[in-house]
Amino acid sequence: MKRFSIFISFITFVIISSNTLFAQDVSNKVQLLEIVISNLVSRIESLEKRVNVLEKQLTGTAGVSEAPKKKMDAKVHREDFVAAPVMVGYEDIGDGFFARNVRFSPFGENVLLTGEITNKSGKNYRFAKFKLSIYDDRGVFLKEEEFSIHDIPNESTESFESMIVGLPSAFISKYEIRFAK
């Protein structure tokens with residue numbers, strides 16, 4: 001009888017612990033699905049914007065007009081030079097790179113950073129490293145993280161994502177991304 005009660009206790013323990021492991025496994029899979037879905041949403045938004053630009057170009061409503069040409073003088077004035085093009089909707093992060101759709105999504109006690117970076121540097125990169133500096137609402141530095149993008153040729157836009165561990169999203173108010181070479 002004693003052996004039977006020990007056996008029943010052992011079986012009960014195994015069943016309870018396997019249910020706990022099963023619940024943790026399901027929770028981990030749900031979290032991974034959330035990351036994948038978030039990444040897919042940002043990619044779909046990017047594709048929608050590209051399609052809109054292409055549709056405007058095909059219909060001829062892109063709003064492109066030529067600036068009047070200036071007469072060449074012997075003197076060259078500073079205002080005659082055209083500034084580097086500004087990419088509307090993008091944040092200039094230096095060295096010919098631009099970022100957009102940067103988001104910080106809560107992920108448990110961590111934060112998932114997602115967005116897109118465009119390479120206008122004139123160079124193709126097989127591996128580009130970026131540094132992210134995070135600040136609170138008073139401008140106090142909180143944390144610096146690095147992330148990388150593989151294969152980002154010139155004139156292309158690539159999505160990125162990175163997990164920021166140990167920093168709740170409520171503390172993030174400002175950020176700065178810069179190319180780390």
- Task: Using 0.36 nm per residue of separation minus the Cα-Cα distance, give me the extension gain between D136 and Q24 in nm, one decimal.
- Result: 37.1 nm
- For T114, T59, the accessible-area ranking with a 1.4 Å probe, largest leading, is T59, T114
- Note on the structure: Distance in nm between L47 and A180 label points, each 7 Å along Cα→Cβ, equals 3.1 nm
- Query: Rounded to the nearest 0.05, what FRET efficiency do Q57 and N154 have when you use their Cβ-Cβ distance and R0 = 25 Å?
  - Reply: 0.75
- If you keep only loop residues by DSSP, which trypsin sites (Lys or Arg not before Pro) in the range 96-160 have at most 10 other Cβ atoms within 10 Å of their Cβ? R138
- Task: Among the aspartates and glutamates, select those whose C-alpha is under 17 Å from the C-alpha of K120, and discard any that sit fewer than 8 residues away in the same chain.
- Result: E91, D92, D95, D151, E155, E158
- Query: Which of the pairs K143/K181; K129/K174; K56/K123; K29/K129 have their Cα atoms more than 23 Å apart in this structure?
  - Reply: K56/K123; K29/K129
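The values are calculated or read from the model by the stated rules, or taken from the named source; none is laboratory data. No experiment lies behind these values; they were computed from the predicted model shown. Note that we place each Cβ from the backbone using ideal geometry, even for glycine, and neighbour counts take in every protein chain shown. These area figures cover heavy atoms from the full protein model, side chains too; ligands, DNA and RNA do not enter into them. Shrake-Rupley method; radii C 1.70, N 1.55, O 1.52, S 1.80 Å.
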